[in-house]
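Asker: Below is a structure I'd like to ask you about.
Read-outs throughout are calculated quantities, based only on the coordinates presented, and are distinct from any laboratory measurement. Predicted model only: the values in this text are computed from it and were never measured. Every residue, glycine as well, gets a Cβ built from its backbone with ideal geometry; the counts of neighbours run over all protein chains shown.
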Amino acid sequence: MVTKAQTFAAYTSWDALVGGPTNRIDFLGPPGTTNAWYQPELNSITFPAAILHRPFYDPTWPTAVNFGGLGVVAGHELTHGFDDQGVQWDGTGILSGWMDDTSKSSFGKMADCVVQEYNNFCPLNKTVYGTAACVDGAQTQGENIADNGGIHAAYRAYRNFINLYGPDPQLPDDLLQEFTADQLFFLAFSQVWCQRPYPSSVIERQILVDPHSPSQYRVWGTIQNFPAFKDAFHCPSSAYAPDKHCDVWVSDIDSSYGEPVVKNELNIKSNNQITTSDINKFNAYKQAVAFYEVRHQ
């Protein structure tokens with residue numbers, strides 16, 4: 001039995017070394033884990049069964065709520081492939097410097113903005129805790145970049161979906177009917193991080209050792225960098241949508257490269273990535289949707 005196990009382990013290691021085919025049924029973790037993760041050496045994202053439930057996802061929920069919950073989680077893990085650690089690995093899981101000097105410089109400026117921004121989030125009293133009162137922006141930059149990039153990706157996917165299939169009907173609730181679909185997207189995103197207040201000792205330890213920012217700053221830091229939140233709630237120049245913020249994986253439009261077909265697709269809800277007039281994109285998307293619907297029947 002031991003010999004068979006050793007042989008199996010050897011074959012598994014050999015497949016990884018020579019770039020063997022991806023094992024789609026090896027989830028690298030128990031299905032009951034309420035988490036998701038990205039592994040750069042495999043260029044792999046894992047979503048255990050437990051996270052495919054409330055408060056992240058429910059098949060009866062409106063599209064905006066599901067994209068704001070599980071959609072942002074998916075976008076977060078996808079963006080880990082392009083955070084401060086992920087950019088060091090290529091698409092085949094090889095530790096490789098694939099970015100050119102210009103890209104490295106631009107990425108460094110973006111990451112530094114995020115580091116400095118989160119350094120200013122201080123959940124504890126500075127008089128009592130000193131430097132340990134504030135989030136360590138350098139230590140948490142990978143997760144912060146993933147949070148910011150993740151909500152961008154999820155919002156774009158959500159806008160594409162409702163552009164193809166139309167918006168969901170209003171919820172049968174007097175209070176929730178007061179919110180637009182875009183507002184529900186952000187409410188669902190923030191609800192995932194709702195928790196009871198932690199004692200100061202727990203927050204202090206998290207700041208010292210955890211690569212994640214405290215939950216409230218995972219929400220605040222993300223929405224203040226995403227102009228679509230400002231547009232949804234009509235709160236320009238507020239504490240939640242400051243004019244000065246970090247652009248994470250969103251570049252300014254450079255006219256020297258020509259005029260893009262779609263402008264500000266992340267910020268203006270009337271401009272979507274895919275429209276029914278884009279015949280090739282529309283047909284490709286519909287074919288992909290039909291393929292996966294058949295696969296999961």
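Asker: In the range 145-254, which trypsin sites (Lys or Arg not before Pro) are in a loop and have at most 16 other Cβ atoms within 10 Å, using DSSP for the loop call?
Answerer: The qualifying sites are LYS244.
Asker: Alpha carbon centre of the range 191-205 versus the range 81-139: separation in Å?
Answerer: 22
Asker: If you average 1/r over every pair of different alpha-carbon atoms in the range 2-250 and take one over that average, what Kirkwood value in Å do you get?
Answerer: Across the range 2-250, the inverse of the average 1/r is 20.0 Å.
Asker: Using the C-alpha gyration tensor of the range 21-117, what are the square roots of 5 times its eigenvalues, in whole angstrom, with the largest one first?
Answerer: Whole-Å semi-axes of the equivalent ellipsoid: 29, 19, 10.
Asker: Moving on to the next point. List the chymotrypsin sites (Phe, Trp or Tyr not before Pro) within the range 50-144 that fall in a DSSP loop (any state other than H, G, I, E or B) and whose Cβ has at most 15 other Cβ atoms within 10 Å.
Answerer: Counting only loop positions with at most 15 other Cβ atoms within 10 Å, the chymotrypsin sites (Phe, Trp or Tyr not before Pro) in the range 50-144 are TRP98.
Asker: Treating only the Cα positions of the range 82-124 as identical point scatterers, give the base-10 log of I(q)/I(0) from the Debye formula at each q in 0.30, 0.32 Å⁻¹.
Answerer: Log10 I(q)/I(0), no solvent term: -1.04, -1.10.
Asker: Using the Cα atoms as the points, what is the convex hull volume per residue of the range 96-147 in Å³?
Answerer: Dividing the Cα hull volume of the range 96-147 by its residue count gives 81 Å³.
Asker: Now a separate question. Collect residues whose amide H, placed 1.01 Å from N in the peptide plane, falls under 5 Å from the amide H of SER44; neighbours closer than 5 in sequence don't count.
Answerer: Amide H neighbours of SER44: GLN39.
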